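Below is one structure; the comments refer to it alone.
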Amino acid sequence: MILGVCRRLASGLVTLLLVSWLAFALIHAAPGDPLTSGSSEDERWFLTLTTEHQAEIRALYHLDEPLHRRYARWLQDVARGDLGLSFHDRRPVREKIGERLGTTLGINLVALVLTGLLALPAGGLAAWRSGGAWDRLSGAVVYALYAIPAFWAALLLQIVFSVKLQWLPLYGLISDGGERLGILARLVDRAAHLALPVVCLSYGGLAYLSRFVRASLLENAFGEASRSARARGVGVARLLFRHGLRQAALPMLTLAGFVFPALMSGSVIVETIFSIPGLGSLFTEAVLQRDVPVVMGLTLITSVMTLVGVVAADLGYLLADPRVRRAPG
Amino acid sequence: MRCSGRPLRLFPAWILLVLAVACSRAPETARATRPLRAGLQSYPASLSLIGNTDRNSEMIAALITEGLVAYDARLGVQPRLARSWDVSPDGLTWTFHLRDGVRWHDGAAVTAEDVVFTVEKVRDPTTQSRSYLSQFQDLVSIEAVDPLTVRARYGTPYADALDSWTLPIIPRHRAGADPDLLTGEFSRHPIGCGAFRLKSVDPGREIVLEANDGFWEGRPALDGIVLRVLPEERTAFEALLLGDLDLMSVTADLWREAQVVPRARRLARFVTYPLSAWYIGWNQDGSNPFFLDPGVRRAMVLALDRTRFVSRVLSDLARPAVGTWHPDSIWFDSSLTPWPFDPAAAGTLLDESGWRDSDGDGVRDRDGAPLSFQLMIAASSQEMTGRIAAWVQESLAKVGVRMTIERLEWKAFQERRSTHRFQAAMASLHFTPIPDQFELYHSTSRGRGLNYVGFRDEEVDRLLVEGRRTFDSRARLEIYHRIQRRIHDLEPISPLFHFASPVLHDARLEGLEPSPRGIWLIEPGPRRWRWAPPPGGD
Amino acid sequence: MPPGSARRLPASLVSGAAVLLALGLIAIVATPLVREDAYRVDLDSILSSPDWSHPLGTDGLGRDLGARVLCGARISLTVGLMAAGLSLLVGLPLGVIAGYCGGIADRIVSRCVEAVLCIPSLVVALALLAAEPRWLGLLPDFLRIALVLGVTGWTPVARYLRAEFLRLGESDLVVSARACGAGSPRIVARHLLPSALAPVLVTAAFTVGASILLEAALSFIGLGVAPPTPTWGGLLSEARYHVSRAWWLALFPGLALFLAVLGCNLFGEGMRDFLDPRSARRP
């Protein structure tokens, strides 16, 4: 068991290396010079530099070295915990990521919790009265939700709640002057701003999770396996809470491991639409500006988080399903 | 709200909580004037004022510090830190006489040493002073003759050298202490000698400025300026409507919306035309058979009904452009007018160039090859780019020209354009207040300049060089008028529109002046802005 | 159910197929009819709300939105199908290898799956779409996008197949086949693939839906098909700029997207229910 875990972690490390090398190669495959960013004035500047000057600046960013040397340099820095300086504004990458990490993680976690809170009763009720009106209705609704693209949902929600009804703010994280409000008011303000983005992130997972809860509960609490228990007179409610949920919890956690990386990538679009300064928008900017250190740093962090999710999911399967215990991937 | 002092046990806990929250609200500012709140599209890449510059850093530099000279609203040059200057007869040496009594925000005196230091820093490529470096390339030497006199020597006489002296000056005793200007202490807490001083920053989010009491011209009327980063203009617009923002440049769509939305009625508005033009460049280096002929290039523009596009789609917030000299500047040749919408004339020109529809498929051809080319555009956050391209495509189809659109990501677009691998490219062009457009039109600017289309004309080349060397303003005017007329005839690139930059602001804000340089980068600019006194006194 | 009797087609399968067929038919039949309207610029009626002459309204250049949504169907569906096909082409053999052979092959493939899962698709999309290897530049826009989606979208296919093959590999069927002396390729081809075909088809249906969404997402951030060609994602990204003025620009293209994805999901789920009733209890 321990050996299995260690091997799994080691393989995760291999994947990380592979990912980082791929990302490095890909970002350099795209055309464009990180030094001539943005506007035509910048072009003017770089073009009028003498070749010696251009070479000097290139050397400053180690752009004159071959690809593998730069990659090796990056690896060495990372091993020491240094993610480098952004090409764009020379701020430490760690700082740039740090100030946005909280936002993105926060939104995704809230979305995840919301999903779980809604999925459990929805799926549970559907399983309890399986075949009944709620089951069919919720099944259909949830199914429809799954098919809605996030950006469409975002646009529609904006139109309905922000433009037409004007209940919720359209963009951003806080209102102007929000920092000066008291704690409670600030929380309310933050919640109002995050309401729509969180809804956008959570409805897809809701569909998935509630169906799973339903299926899992059907099998464990209402299915054949528990028939004997029910025959002995154990109440359904009791079964539900003590056995069914406990058994469903583990697969649910592993599922959360899958849903999390999807949330992280889903954030990119939601953050763009709602102008939330999170990792997603930082990433998009960095890629478009060819800000290699930031791209690499972000890839590393999101990969770690994704891998944590995947490894957790795999370990969960390991514990739950003995058949898959052969040769852990 | 007063916090009650009654014994605690007479109140349930939750009432206390509510009171605590209410009491924790910050008190309303009791001052008569409040800071001006404006939005920034993005946080400046560096606050070092001269390093790694972009538009936002220029704006902040103009607020915090000063240059030797500055432009006014009509693009005339005004003395600032330099109260006067003279040029040697050979045109190579400029001598600036600095104003006495100007102080940095920390009290030290502004001297010629600071000027010399700033110029040396700018010329250091590691500072990445994009906005200013190219202007000092030709500088041979600069010295502080005495604490109030700067002497700059150039390699070749250049009439527009004065433009580079709008450079924001930074203090040597502070910025000189940092080993790396871009990441050092100065870049975190820059100081200057301008009308506003830096009060605080929230990196990535906000920059707060306050009025400088010791400003040499007198304290500005505004008590402070708060610059918030609002990358999405919709966010900024909403903030403006709510009263959380006082001032904003908007796009055509938002301007239109502001005409009808009730909350926007209280806002004042005006329009300024910045130094930019939206243009299509026709690659005439011979790699395609279409654009070597000026007649063909002109025909393309004649096929576009620009006036109609401006009135229907752009809400009259643009003007058809005629050249790359700003129509509101003194250098513009007002005898030139934009090419009209004349598809018949376009057809004739194309016929004369040998492009006729010989096989009846609706597309002109010549020697068996169809007149079909690809327009390259850059993917951008401006949805208008795609719309204009689609409109051009439709318009050209009506005169028998087939155009396809290729949209590239910005860096890829730049790469293709600078390596001349395109047939036609559409983008915006930003120009400077000076009349010299050497980098755009001179034949040697093909590899090292902005002459992406490979334009080459002997007379234009000659006139451009002459214009740079001529110091007499009347003679210069004549030269640049001739250049404009010739280029108008040859149409190497087709400027389509000058887009307006409409500004919406709180009606109580007074003193704003429209100018081609915008509202921030001119003299007096923000130094004279003020809040109107509330009616009835306070 | 008594063996041998025909199983009823699940409602989801039928409805999904119906939706997809309808969309496909519209894409093929209606598109040539409305193509002109989709591109005709009419500067006098820009951003006009739905009325008799333009049932779904017009966009920022006065082009009929309904026509553009219909034309968008063709591109979006084509890209979706091609991307799904490519994903299958890559994912199928990899999944089979990982699931059946196990050991080193499995480890390598699993590492690749994870790596692709971790790499942000934006980086991949950018490199492939912006980079200019000559052969890539010659492909039309939508093919390039399909390529990108296919290259990044094969992971669910591979994972699913691997899991299936792991499961089937230890089934009695295979054990007895091996006992009879059948070699590996034969086992794979004659015994495993047919049973695994069912999940493959199911995955294909879901992948089409996912690819359509991804294409829309790419168009949304501006890396999609060039203007003026309409795609659903491109139409939605245009709608962003007119959120406060023209709600119809956001509603209808998204509705079309939604229907297409819904159809694919219904079809996939229905197929799964049909081919393997046991899996009805697994999500």
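The values are calculated or read from the model by the stated rules, or taken from the named source; none is laboratory data. Small disclaimer: the values here were computed from a predicted structure and weren't measured. Please note: Cβ atoms are built from the backbone with ideal geometry, for glycine as well, and neighbour counts cover all protein chains shown.
Quick one: which of B:Gly511, B:Gly454, B:Gly449 is under 21 Å from B:Leu75 (Cα atoms) and buried (at least 16 other Cβ atoms within 10 Å of the Cβ)?
Details: B:Gly454 fails: under 21 Å from B:Leu75 (Cα atoms); B:Gly449 fails: under 21 Å from B:Leu75 (Cα atoms).
Matching residue, one of B:Gly511, B:Gly454, B:Gly449: B:Gly511.
Which of the residues belonging to region B:303-320 are surrounded by fewer than 20 Cβ atoms within 10 Å (Cβ to Cβ), more than 11 Å from chain C (Cβ to nearest Cβ) and touching a residue at least 40 places away in the same chain (Cβ under 8 Å)?
If the condition is that a residue be surrounded by fewer than 20 Cβ atoms within 10 Å (Cβ to Cβ), more than 11 Å from chain C (Cβ to nearest Cβ) and touching a residue at least 40 places away in the same chain (Cβ under 8 Å), then B:Arg319 is the only one that fits.
Which condition does C:Arg35 not pass, out of (1) surrounded by 23 or more Cβ atoms within 10 Å (Cβ to Cβ); (2) within 14 Å of chain B (Cβ to nearest Cβ), if it passes all the others?
Failed condition: (1).
Every residue in region B:70-97 that is within 23 Å of the chain's Cα centre (by Cα) and either charged (D, E, K, R) or at pLDDT 95 or above (or both), please.
The answer is B:Asp72, B:Arg74, B:Arg80.
Check every one of the helices (runs of 4 or more DSSP H) wholly within region B:291-355 and list those with 2 or more residues that are under 27 Å from B:Asn451 (Cα atoms).
On the way: elements: B:294-302, B:306-312, B:343-352.
Filter on region B:291-355 gives B:294-302, B:343-352.
Restricting attention to region C:43-80, report how many residues are over 29 Å from B:Asp253 (Cβ atoms) and in contact with a Ser or Thr (Cβ under 8 Å, 6 or more places away or on another chain).
So the count comes out to 3.
Being of a type in the set (Gly, Ala, Ser) and at the interface with chain A (Cβ under 8 Å from one of its Cβ atoms) is the filter here, so list the residues in region C:99-121 that pass it.
Hits for region C:99-121 are C:Gly102, C:Gly103, C:Ser110, C:Ala115, C:Ser121.
Looking only at region B:249-295, count how many residues are within 24 Å of B:Pro433 (Cβ to Cβ) and acidic (Asp, Glu).
0
Return the only residue of B:Ser443, B:Ser473 being over 28 Å from B:Gly518 (Cα atoms), surrounded by fewer than 19 Cβ atoms within 10 Å (Cβ to Cβ) and of a type in the set (S, T, N, Q).
B:Ser443
Applying the selection to region A:120-141, what residues are within 11 Å of chain C (Cβ to nearest Cβ) and assigned to a helix (DSSP H, G or I)?
Correct list: A:Gly123, A:Ala127, A:Arg136, A:Gly139, A:Ala140.
Kindly evaluate B:Glu439 against the criterion of being closer than 30 Å to B:Arg421 by Cβ, touching a residue at least 12 places away in the same chain (Cβ under 8 Å), within 23 Å of the chain's Cα centre (by Cα) and part of a helix (DSSP H, G or I). Please lay out each step first, then the result.
Details: closer than 30 Å to B:Arg421 by Cβ: yes; touching a residue at least 12 places away in the same chain (Cβ under 8 Å): yes; within 23 Å of the chain's Cα centre (by Cα): yes; part of a helix (DSSP H, G or I): yes.
Taking the combined requirement at face value, the residue satisfies it.
Just to be sure I understand, how many residues within region B:46-88 are in contact with a Leu (Cβ under 6 Å, 6 or more places away or on another chain), within 14 Å of chain A (Cβ to nearest Cβ) and farther than 20 Å from B:Trp529 by Cβ?
Total meeting the criteria: 4.
Exactly one condition in (1) within 16 Å of C:Pro228 (Cα to Cα); (2) at the interface with another protein chain (Cβ under 8 Å from one of its Cβ atoms); (3) buried (at least 19 other Cβ atoms within 10 Å of the Cβ) is false for B:Ser380; which is it?
Of everything listed in (1) within 16 Å of C:Pro228 (Cα to Cα); (2) at the interface with another protein chain (Cβ under 8 Å from one of its Cβ atoms); (3) buried (at least 19 other Cβ atoms within 10 Å of the Cβ), B:Ser380 misses just condition (3).
The conditions are (1) aromatic (Phe, Trp, Tyr); (2) surrounded by fewer than 20 Cβ atoms within 10 Å (Cβ to Cβ); (3) in contact (Cβ under 8 Å) with a residue 12 or more places away in the chain, and C:Tyr100 fails exactly one of them. Which is it?
(2)
Could you pull out the residue among B:Phe455, B:Phe497 that is in a loop (DSSP other than H, G, I, E, B) and either touching a residue at least 40 places away in the same chain (Cβ under 8 Å) or β-branched (Val, Ile, Thr) (or both)?
B:Phe455 is the lone residue from the list that is in a loop (DSSP other than H, G, I, E, B) and either touching a residue at least 40 places away in the same chain (Cβ under 8 Å) or β-branched (Val, Ile, Thr) (or both).
Could you pull out every one of the strands (runs of 3 or more DSSP E) wholly within region B:182-274 that has 3 or more residues that are at the interface with chain A (Cβ under 10 Å from one of its Cβ atoms) and farther than 22 Å from B:Thr166 by Cβ?
Answer list for region B:182-274: B:224-229.
Would you be able to tell me the number of residues in region A:58-98 that are without any contact (Cβ under 8 Å) to a residue 60 or more places away in the chain, assigned to a helix (DSSP H, G or I), within 26 Å of A:Ser275 (Cα to Cα) and not small (Gly, Ala, Ser)?
Qualifying residue count for the region: 1.
Can you name every residue in region C:229-247 that is assigned to a loop (DSSP other than H, G, I, E, B) and more than 8 Å from chain B (Cβ to nearest Cβ)?
Those that are assigned to a loop (DSSP other than H, G, I, E, B) and more than 8 Å from chain B (Cβ to nearest Cβ): C:Thr229, C:Pro230, C:Thr231, C:Ala246.
Contact list please: Cβ distance under 9 Å, first residue in region A:208-219 and touching a residue at least 40 places away in the same chain (Cβ under 8 Å), second residue acidic (Asp, Glu) and part of a helix (DSSP H, G or I), pairs at least six apart or on different chains.
Pairs that qualify, where the first residue is touching a residue at least 40 places away in the same chain (Cβ under 8 Å) and the partner is acidic (Asp, Glu) and part of a helix (DSSP H, G or I), are A:Arg214/A:Asp135.
β-branched (Val, Ile, Thr) and more than 22 Å from the chain's Cα centre (by Cα), is that true of B:Ile483?
For B:Ile483, the condition - β-branched (Val, Ile, Thr) and more than 22 Å from the chain's Cα centre (by Cα) - is met.
Scanning region B:406-421 for residues that are in contact with a Gly (Cβ under 8 Å, 6 or more places away or on another chain) and within 30 Å of B:Asp357 (Cβ to Cβ), which turns out nearest to the other protein chains (Cβ to nearest Cβ)?
B:Arg407
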